[in-house]
Amino acid sequence: QVQLVQSGAEVKKTGASVKVSCKASGYTFTSNQMHWVRQAPGQGLEWMGWINPSSADTKYAQKFQGRVSMTRDLSPATVYMELTSLRSDDTAMYYCARRYSFGYDYWGQGTLVTVSP
Amino acid sequence: QSALTQPPSASGSPGQSVTISCTGISSDVGGYNSVSWYQQHPGKAPKLIIYDVSKRPSGVPDRFSGSKSGNTASLTVSAVQADDEADYYCNSYASSNNWLFGGGTKLTVL
C-alpha cells in the first residue's frame, strides 16, 4: 500500500533553516510528482511547489522562490523540502502529497514546524 | 497568483444537498479540466474526494460529485451526513506548472 511518512516535528529560531523529509513506499517512486503543501494554524492550504523524482526537476511557487529547495534520493525513496530564512509566519504543518492525474491521492501525516524568535 | 475563491462557510441539514463553489480565472479553473477537491477533518491530513473535475477515487461515496462551468467549479454533497462536517478545499492547475488552492469552506451539518 502507498505510504508517505514524514519526519518529526521541528522547532527553529527565526532566520534558521528546516529540512523536512517524506519517505515513499508501496509504489514506483519515479512515476509521480511529489508536491509540498503547508497549512498555518487555523488557516487554509497553500501550495509550495513540486519535484519530479525521476528527473529531479522542480517548480516552486513564486512566494517561496529563493527560500525553498526540493530534492530527492532514489534509495531510499525520499523527497526533501528545505526552507531557509525562517520567519514566524512560516510556522505551519507541512505536507508532502503525491500527484495522481489532476489531484493529490496520498498525503503524508504532516510535519509541524514551529518558528520562534 | 491569488487563491481560488470559495465561500467561507456552507451548511445543510442531514439529508439535504449542499454545493460549494470554487471560482478562478481563465488561466486556472477555466483553462483546464484540472480541479480537485479535498475534505479535511480537524487535526487530519486532507483527503482527496474529487479529481479531474468530476472523478471520484475508489472508496469515496457517490454522494460527492464535482462539476465545472466556465471559471467556476462546484462540489455537491448529496444527502449530507454528520460525518461530512469538515473543511473542503478546491485545487487547480494554474499554468506554467503552478497550482492553486482555494481558501477553504467550512461545512456545517445542522
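The number of residues in the stretch B:19-48 that are assigned to a loop (DSSP other than H, G, I, E, B), more than 24 Å from B:Ala82 (Cβ to Cβ) and not β-branched (Val, Ile, Thr) comes to 7. Check B:Ala45 against each of (1) touching a Gly at 6+ places or on another chain (Cβ under 8 Å); (2) over 20 Å from B:Ala10 (Cα atoms); (3) away from chain A (no Cβ under 11 Å) and name the one condition it does not meet. With (1) touching a Gly at 6+ places or on another chain (Cβ under 8 Å); (2) over 20 Å from B:Ala10 (Cα atoms); (3) away from chain A (no Cβ under 11 Å) applied to B:Ala45, the lone miss is (3).
Does the stretch B:52-71 contain at least one residue that is within 11 Å of chain A (Cβ to nearest Cβ), assigned to a strand (DSSP E or B) and closer than 26 Å to A:Cys96 by Cβ? Among the residues of the stretch B:52-71, at least one is within 11 Å of chain A (Cβ to nearest Cβ), assigned to a strand (DSSP E or B) and closer than 26 Å to A:Cys96 by Cβ, which makes the answer yes. Among the residues making up the stretch A:33-73, those that are away from chain B (no Cβ under 12 Å), open to solvent by 60 Å² or more (accessible area, probe 1.4 Å) and in contact (Cβ under 8 Å) with a residue 12 or more places away in the chain are A:Ser54, A:Arg72.
Consider the stretch A:14-32 and keep the residues that are surrounded by 16 or more Cβ atoms within 10 Å (Cβ to Cβ) and among the β-branched types (Val, Ile, Thr). The one that is nearest to the other protein chains (Cβ to nearest Cβ) is A:Val20.
Taking the stretch B:86-105 as the range and being more than 11 Å from the chain's Cα centre (by Cα), open to solvent by 10 Å² or more (accessible area, probe 1.4 Å) and in contact (Cβ under 8 Å) with a residue 40 or more places away in the chain as the test, the residues that pass are B:Tyr93, B:Ser95, B:Asn98, B:Leu100.
The values are calculated or read from the model by the stated rules, or taken from the named source; none is laboratory data. Worth saying up front: this structure is predicted, and the values here are computed from it rather than measured. With ideal geometry, Cβ positions are generated from the backbone for all residues, glycine too; neighbour counts draw on all protein chains shown. What goes into the accessible areas is simple: the full protein's heavy atoms, side chains included, and nothing from ligands, DNA or RNA. Shrake-Rupley method; radii C 1.70, N 1.55, O 1.52, S 1.80 Å.
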